[in-house]
Amino acid sequence: MLSVVIATHESERPLVPTLAALVPGAMAGLVTEVVVADGGSTDATEEVADIAGCRFVASNDALGDRLKRAASSTRTPWLMFLRPGCVPEPGWIAACESFMERTSRLDGADRAAVFRPPAAADLLRPGLSELLALLRVMAGGGARPEQGLLIARRFYDAVGGHPAGANAEAGLLRKLGRRRVSMLPASARAAD
């Protein structure tokens, strides 16, 4: 139903909590595969991916090319792009399923979704990046790559996928535009 693509580079430590947060989604039947698109790591990123049962694809290509190639290698109708260290909070499975169902019912509806940043009450010990993300969203700023991206494969293909280059994640969000990106009712936090 859903393939998760995670671009990594020397991401051994932040990858662990991200993969752990995806386990309930796999057990619920939502996440059918995880593809780790690595950019030439020399740490234990490949071993972490292997232990977790992920498909590991290594390449020295630019980020956009790696993400696009990893997405095209999957066969599910939905894609989720996460950064290593992005940890979806409880409730993410129901939020994703609801969004996917609503979007699928509106045949041809071109929508994508991102996780909401942690709410002010969630930030008991906030990091500077979490506070800045919350302030940016409250001020009407657009989605950021740190919030992940849930998108139907047909919509991803229709917009041409990730653009080439190192800033491909932000480039795809700009291509989608604010009006076509919804915020899921579930949050995602940065791993400590």
Report task. With a cut-off of at least 3 residues that are touching a residue at least 12 places away in the same chain (Cβ under 8 Å) and within 18 Å of Leu176 (Cα to Cα), name the strands (runs of 3 or more DSSP E) lying wholly within the range 26-124. Result -> 78-82, 112-116
Query raised in the report: Where residues in the range 60-94 are polar (S, T, N, Q) and more than 20 Å from Gly171 (Cβ to Cβ), which of them is surrounded by the most Cβ atoms within 10 Å (Cβ to Cβ)?
Result: Thr74
Query - Given (1) surrounded by fewer than 23 Cβ atoms within 10 Å (Cβ to Cβ); (2) at pLDDT 95 or above, number of the condition Ala109 does not satisfy - result: (2)
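I want to confirm something. Restricting to the range 67-79 and keeping residues that are basic (Lys, Arg) and over 14 Å from the mean Cα position of the chain (by Cα), which single residue is nearest to Thr32 (Cα to Cα)? Quick ask: steps written out before the conclusion?
Initial filter on the range 67-79 (basic (Lys, Arg)): 68-69, 75.
Now narrow it down to the ones that are over 14 Å from the mean Cα position of the chain (by Cα): 69, 75.
Working: Arg69: 18, Arg75: 10 Å.
Going through the qualifying residues, I end up with Arg75.
Among the candidates Pro118, Pro145, which residue alone is over 17 Å from Ala7 (Cβ atoms), at pLDDT below 95 and within 16 Å of the chain's Cα centre (by Cα)? Don't jump to the end; show me each part of the working.
On the way: Pro145 fails: over 17 Å from Ala7 (Cβ atoms).
Only one candidate passes the filter, namely Pro118.
Applying the selection to the range 174-185, what residues are under 16 Å from Arg116 (Cα atoms) and crowded, with 20+ Cβ neighbours inside 10 Å?
Going through the range 174-185, the residues under 16 Å from Arg116 (Cα atoms) turn out to be 178-185.
Passing the criteria: only Leu184.
The values are calculated or read from the model by the stated rules, or taken from the named source; none is laboratory data. Note that the structure is predicted; figures quoted are calculated from it, not measured. Using ideal geometry, Cβ is built from the backbone for each residue, glycine included, and neighbour counts are taken over all protein chains shown.
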